[in-house]
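Just below is one structure, and these are the notes that go with it.
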Amino acid sequence: MSENNEELKEKVEGAALVAGGTAAGAGVSTTVGGMGLVGGFGGVAIGAAPIVAAGAVVGSAAYGAKKAIEDGDATALGAVAGGAVAGAGVAAAVGTMGLAVGGTAVAIGAAPVVVAGAVCLWDLKTGQEFQQQLNAKY
């Protein structure tokens, strides 16, 4: 396959995963409805926009994971570890939280916050690499 076709294929894969994640976030927001984050800091309403954005981040991170595995990119592990440390710091600073949904609440411990930090930093690394590739080509 020519280099241009391979580049196009990668762009389509990335766009499809981000679009799929965005659609999944919109579907969750529509299905579940109003949500809120509660903790020692009080309560904060979570509308549709953050849920849709989180879906896009997860889709983008999935593409980054796929590319890192394909390319054997060991630096991706550093980004994941750094994000996990940042997530642990947030969990320690904020403390125990809960997600309020439909009249009930579910506890959010440190583990999901650590994972979220790892995913976000992985996604940031992937986005920076993609931007560097674009800058080099155009």
Residue list for the stretch 58-96, restricted to those being under 30 Å from LYS11 (Cα atoms) and not in a helix (DSSP H, G or I): GLY72, ASP73, ALA74
Of the residues in the stretch 1-36, those that are under 22 Å from THR96 (Cβ atoms), at pLDDT 85 or above and of a type outside the set (Gly, Ala, Ser) come to MET35
Any chance the stretch 1-20 includes a residue that's within 30 Å of ALA136 (Cβ to Cβ), not hydrophobic (A, V, I, L, M, F, W, C) and not in a helix (DSSP H, G or I)? yes
Looking only at the stretch 108-122, which residues are closer than 11 Å to VAL90 by Cα and among the β-branched types (Val, Ile, Thr)? VAL113, VAL114
Select from the stretch 97-107 the residues that are in contact (Cβ under 8 Å) with a residue 60 or more places away in the chain, part of a strand (DSSP E or B) and either closer than 17 Å to GLY40 by Cβ or not β-branched (Val, Ile, Thr) (or both) and list them in ascending order. MET97, GLY98, LEU99, ALA100, ALA105
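The values are calculated or read from the model by the stated rules, or taken from the named source; none is laboratory data. Predicted, not measured: the structure shown is a model, and the values here were computed from it. Note: ideal-geometry Cβ built from the backbone for every residue, glycine included; neighbour counts use all protein chains shown.
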